[in-house]
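Undergrad: So that we are looking at the same thing, I have put the structure below in structure tokens.
The values are calculated or read from the model by the stated rules, or taken from the named source; none is laboratory data. Quick caveat: nothing in here was measured; it's all calculated off a predicted structure. Cβ sites come from the backbone with ideal geometry, for glycine too, and all protein chains shown count toward neighbours.
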Amino acid sequence: MNPNVIGVAYLISALLFIFGLKQLSSPVTARQGNRYAAVGMTIAIVATLLDRSILDHHRGNYILIGIALVIGAIIGIGSAQRVKMTAMPQMVAIFNGMGGGAAALVSILEFLRLSTGTHLAPAGQGATIMISTAIGCVSFAGSMIAFAKLQELMTGNAIRYPFHRELIPVLLVVIAALGVVAAFVTPNRAVFFALVALALILGFALVIPVGGADMPVIISLMNSLTGVAAAFTGFVLQNELLIVAGALVGASGTLLTQLMAKAMNRPLTNVLFAGVGAAPVGAGMTALPAGATVREISVDDAAMLMSYAGQVVIVPGYGLAVAQAQHQVRELASLLEERGVTVKYAIHPVAGRMPGHMNVLLAEADVPYEQLYEMDEINGEFQHTDVALVVGANDVTNPAARTDASSPIYGMPILNVDQAANIIVMKRSMRPGFAGVDNPLYFDPKTAMLFGDARDSLSKLVSSVKAAGGALVAS
Amino acid sequence: MNDTVILGAYVFILAIIVGFEVIARVPSMLHTPLMSGTNAIHGVVLLGAILVAGQADTVPTYILGFIAVVLGSLNVFGGFVVTDRMLQMFHGRRGAQR
């Protein structure tokens, strides 16, 4: 096809990407924005398939490309439709890894095509091949580890290994040196594939020491890296749309990474090098008074306490998502409201496993949007709250983050649940949270624990509140 | 450095500025969908995969090109569908039918 037609199609795609991204940053238009971007992508794919280099010289390759496209589409759409909302973060991680892997393979293929024998690739392409190969490999390897950790194929804890702080800069320098050699000195394939191997190792080395609680920041970082890798494949192939779309994602992904790190009060360098959860056992326990005990509460007592409260604030956490209990929570909240109790939800910026993850889960259960309060809006309210009901949240309620400078999560903004008159914590067991830190909240005299599966306990609470309602009318 | 590389650099820098500006004021509730949406957009690397697979003419390049297209295609299709599923949740509340 005429290259000008392809150029115009690419221009339309680029505009649709920018417009879609703009709309994605407002709740009302977000879904539409995603669709605009998808339309842009469709136009771009069709235009690329009509590229003259394939159409004129390699028509046989259409079969190969077609089969590969269909396989990717079937697996991609199938798994995206089946994945549970709770498993969203690892789904994003794995799709991101696929993109990083694709970027690396594109550059590897261009290297094999352009540098043959003693013939170097043109300087501009040679350099950008090295960059996109290295970044693509890092993103691929890092995303796979992030996926494995979130899917619990490997421990979600931070894994320390000796010299990890030193290893990463050393790897960076060696990779850069190999890149310079392979791009400008000798097109030696062994040198190039050593770069590939070391970049994969760098990806593993970066993410293995990161604890599960920090994984959202890492996924976001890997996302922006894949964007940058895609942009550099655009330089390699001299394809402007790849440059535009890759740079857009690289920039917005970097900004998003910073916003997330800020929401968790975890500067990126801390996320990468501090390794929360790797602290020796006992480090987080210093805040606990000696001989502290926890108090348990029965379902009926908990139901009674909430039924006669003026205001109940529900603090949902990842445990709620795991138990798939968002519908039961909503039912309990409606019942309490019918009894005249004011119900609010306190949403920590990183509730669930990624910022905004909890909003998605509660929206799925038809929780009215107006009842969701962000951390800064709700924190002043806990003083006037009769009951704070913590459902499967842990680290985001840990007062040690505010008071104990020795705690690994010190400084992280938390929900001031401990200021409520009564606190009911629904939890499976006394196991520490994702950050692997003990929570003094559970030993607070105002706190009562309701052990068990969140979904199960909430159902019991619902029937108990119903029964209490009946008794109230009868008396 | 030739003209195409310089031109590419212009495009790259301008797109970075647009990328920063366009999402500067995003509420935290949209962080996850936005990450997922941008994740789908960088699936654009699929175009690169199609172009290199189109040039393939030896067995190793056929294989690598094939894998590259599969990976890019997974990123694009999976990415957009998963984002749409997330964003679907933000609608149809208050008793609306799903």
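Undergrad: Condition first: touching a Pro at 6+ places or on another chain (Cβ under 8 Å) and within 14 Å of chain B (Cβ to nearest Cβ). Now tell me which residues in the range A:362-397 satisfy that.
TA: A:LEU362, A:GLU374, A:MET375
Undergrad: Continuing with this model, one more query. For the subset of the range B:15-26 comprising residues that are aliphatic (A, V, I, L, M) and exposed (fewer than 14 other Cβ atoms within 10 Å of the Cβ), which member is modelled with the lowest pLDDT?
TA: Per the stated criteria, the residue is B:ALA24.
Undergrad: Taking the range A:340-358 on its own, how many of its residues are assigned to a loop (DSSP other than H, G, I, E, B) and in contact (Cβ under 8 Å) with a residue 24 or more places away in the chain?
TA: Total meeting the criteria: 9.
Undergrad: Which of the numbered conditions does A:GLY212 fail, given that it passes all the others? Conditions: (1) modelled with pLDDT of 90 or more; (2) more than 14 Å from every other protein chain (Cβ to nearest Cβ); (3) in contact with a Ser or Thr (Cβ under 9 Å, 6 or more places away or on another chain).
TA: (1)
Undergrad: Can you find even one residue in the range B:27-34 that is under 30 Å from A:HIS348 (Cβ atoms), part of a helix (DSSP H, G or I), facing another protein chain (nearest Cβ under 7 Å) and at pLDDT 90 or above?
TA: Yes, the range B:27-34 has at least one match.
Undergrad: Of all the residues that make up the range A:186-218, how many are under 22 Å from A:ASN96 (Cα atoms) and in contact with a helix residue (DSSP H, G or I) (Cβ under 8 Å, 6 or more places away or on another chain)?
TA: Qualifying residue count, the range A:186-218: 22.
Undergrad: Of (1) among the hydroxyl-bearing types (Ser, Thr, Tyr); (2) buried (at least 24 other Cβ atoms within 10 Å of the Cβ); (3) at pLDDT below 95, A:THR186 satisfies all except one. Which?
TA: (2)
Undergrad: Just to check your reading of the model, which residue among B:VAL11, B:VAL45 is in a helix (DSSP H, G or I), surrounded by fewer than 21 Cβ atoms within 10 Å (Cβ to Cβ), at the interface with chain A (Cβ under 7 Å from one of its Cβ atoms) and in contact with a helix residue (DSSP H, G or I) (Cβ under 7 Å, 6 or more places away or on another chain)?
TA: From the options B:VAL11, B:VAL45, the qualifying one is B:VAL11.
Undergrad: Can you say whether A:ILE135 is at pLDDT 95 or above and either surrounded by fewer than 24 Cβ atoms within 10 Å (Cβ to Cβ) or not in a helix (DSSP H, G or I) (or both), as far as the supplied structure shows?
TA: no
Undergrad: Can we say A:VAL391 is surrounded by 24 or more Cβ atoms within 10 Å (Cβ to Cβ) and at pLDDT 85 or above?
TA: For A:VAL391, the condition - surrounded by 24 or more Cβ atoms within 10 Å (Cβ to Cβ) and at pLDDT 85 or above - is met.
Undergrad: For the structure I just gave you, tell me whether A:GLY469 is modelled with pLDDT under 90, of a type outside the set (A, V, I, L, M, F, W, C) and closer than 18 Å to A:VAL322 by Cα.
TA: Considered against the rule, which asks whether it is modelled with pLDDT under 90, of a type outside the set (A, V, I, L, M, F, W, C) and closer than 18 Å to A:VAL322 by Cα, A:GLY469 comes out as no.
Undergrad: Applying the selection to the range B:55-81, what residues are at pLDDT below 95, touching a Phe, Trp or Tyr at 6+ places or on another chain (Cβ under 8 Å) and in a helix (DSSP H, G or I)?
TA: Those that are at pLDDT below 95, touching a Phe, Trp or Tyr at 6+ places or on another chain (Cβ under 8 Å) and in a helix (DSSP H, G or I): none in the range B:55-81.
Undergrad: What number of residues within the range A:1-51 satisfy the criterion of being within 10 Å of chain B (Cβ to nearest Cβ) and under 23 Å from B:GLN55 (Cα atoms)?
TA: Residues that pass the stated criteria total 9.
Undergrad: Next question. Any chance the range A:67-87 includes a residue that's hydrophobic (A, V, I, L, M, F, W, C) and over 32 Å from the mean Cα position of the chain (by Cα)?
TA: The answer is no, given that none of the residues of the range A:67-87 is hydrophobic (A, V, I, L, M, F, W, C) and over 32 Å from the mean Cα position of the chain (by Cα).
Undergrad: Count, please, the residues in the range A:78-110 that happen to be more than 23 Å from A:PRO355 (Cα to Cα) and either within 7 Å of chain B (Cβ to nearest Cβ) or at pLDDT below 95 (or both).
TA: 8
Undergrad: Given the condition without any contact (Cβ under 8 Å) to a residue 24 or more places away in the chain and over 18 Å from the mean Cα position of the chain (by Cα), answer yes or no: does some residue in the range B:35-51 qualify?
TA: Scanning the range B:35-51, I find no residue that is without any contact (Cβ under 8 Å) to a residue 24 or more places away in the chain and over 18 Å from the mean Cα position of the chain (by Cα), so the answer is no.
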